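Below is one structure; the comments refer to it alone.
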Amino acid sequence: MAGEIANTPVRDGTTMYLAAVPEKRWYRFMIRESYWDGDCYRSRNLVDLGGDPAEHIVYPGGRAYYIDPDLEEEIRSRGGHPGPDELDDLLWPFVDEDIRYAVGSFRRRQGATETAASARRQPVHLFDKRRMHFLRFGRMDQGPIGRVPKKIFRPVRDRSRDEIEQYFLQSERILKAHERKAYIYVIFDLQRFFSELCAKTMPQALDQEAVDAYFLQEICRLNQDAAFWSGMPMRDHLQDYLVRYLTLYFDLDYGHTDFLENLFNQFRNAHRRHRWPSPQQTVSHAEASRIFGVGEAALRKMNRRDFSRLFRQKAMTMHPDQGGRHSDFVRLSEAYKAIMGTKRRGA
């Protein structure tokens, strides 16, 4: 998907935004409107832009451009009331890249504003707060969420559920592959089901079957939360906007590098007298099979989840705090890192 999904400032309880609707191979873009109907915010379609919103941008020559006037007329004919710069803001990501580079610094746009009629009609849902908090600060521990400035939640305040979800579809693109599963773990607040100290920082160290079960429980609970889906029809099956979380959760792994770094740092801080081994050391499958106590063929066939489970079991018994030897635990960690690096993600 090219560019960003934008929205426009709140005006009399109404916002116009660009929505990307997935199709078989690409996206269809719609200009939609959020509006207050007296009980909640709802959304409606104004104009179907097709697969390429850039078709509605006109280039008269030089570094000039303007939005096709027919588009504004069509929006007005359907009850929309775009302001002077609203369409320009919505379609700005689809303007020719060279022109955006040349004139972007001259664009001056005011931030979102709120009127007395529209401000705080609808409270920000806690699930939205957790998403905003992680995307802004990247923290797994969301204890401080109640103390962050309220302006951080402005993009999801007084919007329809559809507009909010379109906002997160765009915003979540900043997440790297190794961050996405941790993000889902955090936004569904799965750590609250576990008493282990690692629950807030290393979900990899938890019983993954238990984490999976709690995730399914929480995604179903959110799917049935009428307050969260206010303004949208409730469904017997999973809402389309939640399907991506289900897919990402079971298709991706946690960033094992972060896990190992945290594990190493904790052990190193507790045993400062020991010299940390060189990271260049490698471990063969044959040696790893002896360390983990399983056959080499079985070790090669293990998927990432089963191998992580085996590592956790061995680590619990070989850690020096449990009576194991420091050198054995270090070699176990090296073997885990080396063998995990050979296994295909998603396997």
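The values are calculated or read from the model by the stated rules, or taken from the named source; none is laboratory data. Since this is a predicted model, take the numbers as computed values, not measurements. Note that each Cβ is placed from the backbone with ideal geometry, even for glycine, and that neighbours are counted across all protein chains shown.
Here are some notes:
- Within the range 92-138, the set of residues being of a type outside the set (A, V, I, L, M, F, W, C), at pLDDT 90 or above, under 23 Å from the mean Cα position of the chain (by Cα) and part of a loop (DSSP other than H, G, I, E, B) comprises just one member, 125.
- Every residue from the range 202-241 that is of a type outside the set (D, E, K, R), under 24 Å from residue 34 (Cα atoms), out of contact with any Cys (no Cβ under 9 Å at 6 or more places or on another chain) and surrounded by 12 or more Cβ atoms within 10 Å (Cβ to Cβ): 222, 223, 224, 228, 229, 232, 239, 241
- Residue 141 acidic (Asp, Glu) and surrounded by 21 or more Cβ atoms within 10 Å (Cβ to Cβ): no
- Selection from the range 180-207 of residues that are part of a loop (DSSP other than H, G, I, E, B) and under 22 Å from residue 313 (Cα atoms): 194, 195, 196, 201, 202, 206, 207
- Residues located in the range 198-227, provided they are closer than 18 Å to residue 311 by Cα and either of a type outside the set (S, T, N, Q) or outside the structural domain of residue 238 (by TED's automatic domain parsing) (or both): 198, 199, 202, 203, 205, 206, 207, 209, 210, 211
- Residues that are of a type in the set (Lys, Arg), free of Cβ contacts under 8 Å to residues at least 24 places away in the same chain and closer than 15 Å to residue 283 by Cβ within the range 295-347 comprise 300, 314, listed in sequence order.
- Considering only residues in the range 323-336 that are part of a helix (DSSP H, G or I) and over 37 Å from the mean Cα position of the chain (by Cα), the one that is surrounded by the fewest Cβ atoms within 10 Å (Cβ to Cβ) turns out to be 327.
- Positions within the range 1-45 being surrounded by 15 or more Cβ atoms within 10 Å (Cβ to Cβ), at pLDDT below 85 and out of contact with any Pro (no Cβ under 9 Å at 6 or more places or on another chain), in sequence order: 9, 10, 11, 13, 14
- Residue list for the range 43-79, restricted to those being within 31 Å of the chain's Cα centre (by Cα) and not aliphatic (A, V, I, L, M): 43, 44, 45, 48, 50, 51, 52, 53, 55, 56
- Test: residue 311 is in contact with a Ser or Thr (Cβ under 9 Å, 6 or more places away or on another chain) and within 24 Å of residue 178 (Cβ to Cβ): yes
Conditions tested, residue by residue: (1) at pLDDT below 80; (2) part of a helix (DSSP H, G or I).
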residue: 230; (1), (2): no, no
residue: 245; (1), (2): no, yes
residue: 248; (1), (2): no, yes
residue: 258; (1), (2): yes, yes
residue: 267; (1), (2): yes, yes
residue: 299; (1), (2): no, yes
